[in-house]
Amino acid sequence: MANNYASLNEAPDFYGEYGIPHHHVAEPRSSQWNHIEDLDSFFTRVYKYHQMHGFKCIALKEIFALHRFTFIAGITFTMLYAFDYKLLFKPDITSDQKWIFSLLIPFDQVMSILPYFGWFLLLVVTVIFTLIFIRKVQSLFRYWDIKQFYNQALNIDDADLDNLTWHDVQKRLIQVQSDLQMCIHKSDLTELDIYHRILRQINYLVALVNKRILPPRIDVPFLGEVVYWTENLRLNVMFLLFWSPWGPFENPWHLRDEYKRAANRDKMARKLGNQILWLFFVNLLLCPLVFIPQIIFYFFNYFDAVRREPGQFGVRYWHFNEMDHELYSRLTRAYKPATKYMSSFTSPLLEIIAEHLSFICGSILAVFVCLSFVDNEILYWNQVLTMLAVLTGIIGIARSLRSDKTLIWCPEQLLEDVVLHTHYLPGVWQGFAHTSKVRSSFQQLFQYRFAALLEELLSPILVPYLLIRYIYPRRLDLVDFFRNFTVSVVGVGDVCSFAQMDVRKHGNPDWQAERDVESTHETPPEINDQYTQAEDGKVELSLMHFTNTNPNWQPPPEAADFVDNLNKETNHVFFSDDIGGLYGMRSSMDFGTRQEDEEDFSLPQYAADAPSQTAFRRSFGGFRSSILAGGAPRRSMFNQLAEGPDLFSSAQNMRASTMILHNRHAMNQSVRVVRSAEETTPLLSRR
């Protein structure tokens, strides 16, 4: 396979003996953006500048973030030392003392009676405020430089940012490379080069998750295995692997040479283990200082947060080379069907209890309402308003636990609707969407926000434990991962090899058609074992997503063959008979479609293998092509900027590709099961 990267053993010397590139390029015009040393950070700021709507919005957001910290610190300090609680709870308080500001102790009096611990807290808050202020000012100066780059180099004014998609900005970045020579190591930039620069660390993280090295999994009594991945843990892992000056990466774009040599495997594992131990002790010492402020922060920010949200989706559903806005666009489209799927499960036992509680609390509430019509003074009695609030809350919770009797239970179809957007369907979920086991696994990704907040609150306590209990024993796996799955790309540096989306090297034959596996362009096939394969079709789905969102990108020959063959099947889905389509059976419950008779399920390449078709249909019914075949989607003036240059056609094509790839995977697995059964039981092979 012809490509533009080399293995670690064949990595080109980018910088020569004295750090001077070997490439000879034409002398570019003088510019402050010529030969940018850290293109990763520069392109990341260019991307964020567009997504955050320009300099004014960024500056205002930074100022408000600083003010929010000051406000939370101030109100906490006031509640601790400047609030007269004796006056607040005084039984014989007069009417003129009921003004809220009369409860505040004068500032000079507070400072005169402030204890030593209060002075310590004030000093800590002042130091943190100073550090945050310096960081915000530095950030504003950097984004001011990005503003000049947009205005002068890209000829984009801030007023025009919301009229351009990220892909429009990316096109201009590629165009100005020939003039500015931002990257000195190659004359031209591609879409994949820019994505590699911005998402270098994220791609490594996605691969670590895909190979089940991360995130940690905890066995909780009565709950089973729980996937634990919080912002605090993520920051620790990112610092350990990418940001630490002693970590595996010498700089953002170069993995240390000692990590690339197999002979240093044990030595690097010991070095990484020592860093994990130091990080463990730092987290342990800072636990009290982080735990209490974090409780205060979440109390003020998420007091009313009880609804579900896809907070854990990103760690599993992120494709290789997928920007934040592309991921959030998919998850937003999956939100409603995911909510419906979770709501389709109810507990009969809880329903009975909830119905009884709703009746009791509703009856008591009705009595109070009737009495208030007779004499509204009853509302001013002690604890009456509190009781009414509690009763209303119990009734609301009880009603949420009761199922809607007007709905028909179709969990398979609901989960299919989710997968068409998330592109994530573990093999153990196929055909078992109605089971509590699948529902519990899905719930870990689509959880109540208060459950996610509880995990965040406990993270100062749990992160040190997970570092020593889960991350430390996997230090050797981490070293092997970086050595085996790092390649050097000319003009980009060291990147995760999975992010190259090489279906021949990291693809899974179960997700590919036979012609894709056989098509090697006269290059010998590489040994593709389970270790080098990406799980859950991650490479294949990532390749299709990237080509759909970046139609001008020219993939390598093998990848181009895979994309072309899959696009032919996708077109067949779109233009096939509207009754059933090629890869699925139409359902009378589909969106706005009429009820039709089922077509016989048949596939040309498996026509001679009838048992395999039967096994496939039993194990997994296939996605419903009617979701995709029935008419063009309606355009919306509010979401045209969500993804690529043509949001609707690319999203629709990606849904069709997802359907085909998951059906192909299920069929190949079923065929393997049938053939294995025929080999072990000869009677099954008789016709």
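Looking at the range 348-359, is at least one residue in contact (Cβ under 8 Å) with a residue 40 or more places away in the chain and not in a helix (DSSP H, G or I)? No, the range 348-359 contains no residue that is in contact (Cβ under 8 Å) with a residue 40 or more places away in the chain and not in a helix (DSSP H, G or I). What are the residues in the range 192-236 that are over 16 Å from the mean Cα position of the chain (by Cα), within 21 Å of LEU279 (Cβ to Cβ) and crowded, with 22+ Cβ neighbours inside 10 Å, if any? Once the filter is applied, which keeps residues that are over 16 Å from the mean Cα position of the chain (by Cα), within 21 Å of LEU279 (Cβ to Cβ) and crowded, with 22+ Cβ neighbours inside 10 Å, the range 192-236 yields only ASN236.
The residue that is surrounded by the fewest Cβ atoms within 10 Å (Cβ to Cβ), counting only those in the range 637-676 that are at pLDDT 50 or above, within 23 Å of the chain's Cα centre (by Cα) and of a type in the set (A, V, I, L, M, F, W, C), is PHE648. Of all residues in the range 207-222, those satisfying the criterion of being over 18 Å from LEU476 (Cα atoms) and either among the hydrophobic types (A, V, I, L, M, F, W, C) or at pLDDT 90 or above (or both) are ILE218, VAL220, PHE222. For the range 272-303, residues that are modelled with pLDDT of 90 or more and among the aliphatic types (A, V, I, L, M) total 8.
Of the residues making up the range 249-276, those that are surrounded by 14 or more Cβ atoms within 10 Å (Cβ to Cβ), in a helix (DSSP H, G or I), in contact (Cβ under 8 Å) with a residue 60 or more places away in the chain and not basic (Lys, Arg) are TYR259, MET268, ALA269, LEU272, GLY273, ILE276.
Which one is surrounded by the fewest Cβ atoms within 10 Å (Cβ to Cβ), of the residues in the range 459-482 that are among the basic types (Lys, Arg) and out of contact with any helix residue (DSSP H, G or I) (no Cβ under 6 Å at 6 or more places or on another chain)? Filtering first and then ranking leaves ARG469.
Restricting attention to the range 168-191, the residues being crowded, with 18+ Cβ neighbours inside 10 Å, under 30 Å from the mean Cα position of the chain (by Cα) and of a type in the set (D, E, K, R) number 1. Exactly one residue out of ASP162, ASP108 is without any contact (Cβ under 8 Å) to a residue 24 or more places away in the chain and of a type in the set (D, E, K, R), and it is ASP108. For beta carbons closer than 9 Å, sequence separation of 6+ or different chains, a first residue in the range 20-46 that is at pLDDT below 50 and surrounded by fewer than 15 Cβ atoms within 10 Å (Cβ to Cβ) and a second that is assigned to a loop (DSSP other than H, G, I, E, B) and among the hydroxyl-bearing types (Ser, Thr, Tyr), the qualifying pairs are HIS22/TYR15; HIS23/SER187; VAL25/SER187; ALA26/SER187. The number of residues in the range 321-362 that are surrounded by fewer than 19 Cβ atoms within 10 Å (Cβ to Cβ) and of a type in the set (Gly, Ala, Ser) comes to 4.
Considering the conditions (1) modelled with pLDDT under 85; (2) of a type outside the set (S, T, N, Q); (3) assigned to a helix (DSSP H, G or I), LEU327 is excluded by exactly one of them, (1). Within the range 373-394, not a single residue is in contact (Cβ under 8 Å) with a residue 40 or more places away in the chain and either among the polar types (S, T, N, Q) or crowded, with 18+ Cβ neighbours inside 10 Å (or both).
Residues checked against (1) among the small types (Gly, Ala, Ser); (2) assigned to a helix (DSSP H, G or I):
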{"site": "ALA398", "(1), (2)": "yes, yes"}
{"site": "LEU420", "(1), (2)": "no, yes"}
{"site": "LEU425", "(1), (2)": "no, no"}
{"site": "GLY431", "(1), (2)": "yes, no"}
{"site": "LEU453", "(1), (2)": "no, yes"}
{"site": "LEU457", "(1), (2)": "no, yes"}
{"site": "LEU478", "(1), (2)": "no, yes"}
{"site": "PHE498", "(1), (2)": "no, yes"}
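Listed by first and then second residue, the pairs linking a residue in the range 467-484 that is touching a residue at least 60 places away in the same chain (Cβ under 8 Å) and under 14 Å from GLY273 (Cα atoms) to a residue that is of a type in the set (Ser, Thr, Tyr) and surrounded by 17 or more Cβ atoms within 10 Å (Cβ to Cβ), with Cβ atoms under 7 Å apart and 6 or more places separating them unless they lie on different chains, are VAL479/TYR259.
Can you find a residue in the range 545-562 that is at pLDDT 75 or above, among the polar types (S, T, N, Q), part of a loop (DSSP other than H, G, I, E, B) and surrounded by 15 or more Cβ atoms within 10 Å (Cβ to Cβ)? The answer is yes; a qualifying residue exists.
Give the range 426-460 a look and list any residue that's over 16 Å from ASN301 (Cα atoms) and of a type in the set (A, V, I, L, M, F, W, C), or say none. Listed by number, the residues that qualify are VAL428, TRP429, PHE432, ALA433, VAL438, PHE442, LEU445, PHE446, LEU458.
The values are calculated or read from the model by the stated rules, or taken from the named source; none is laboratory data. Here the structure is a predicted model, which is why all the values come from computation and not from measurement. Neighbour counts run over all protein chains shown; Cβ positions are idealised from the backbone, glycine included.
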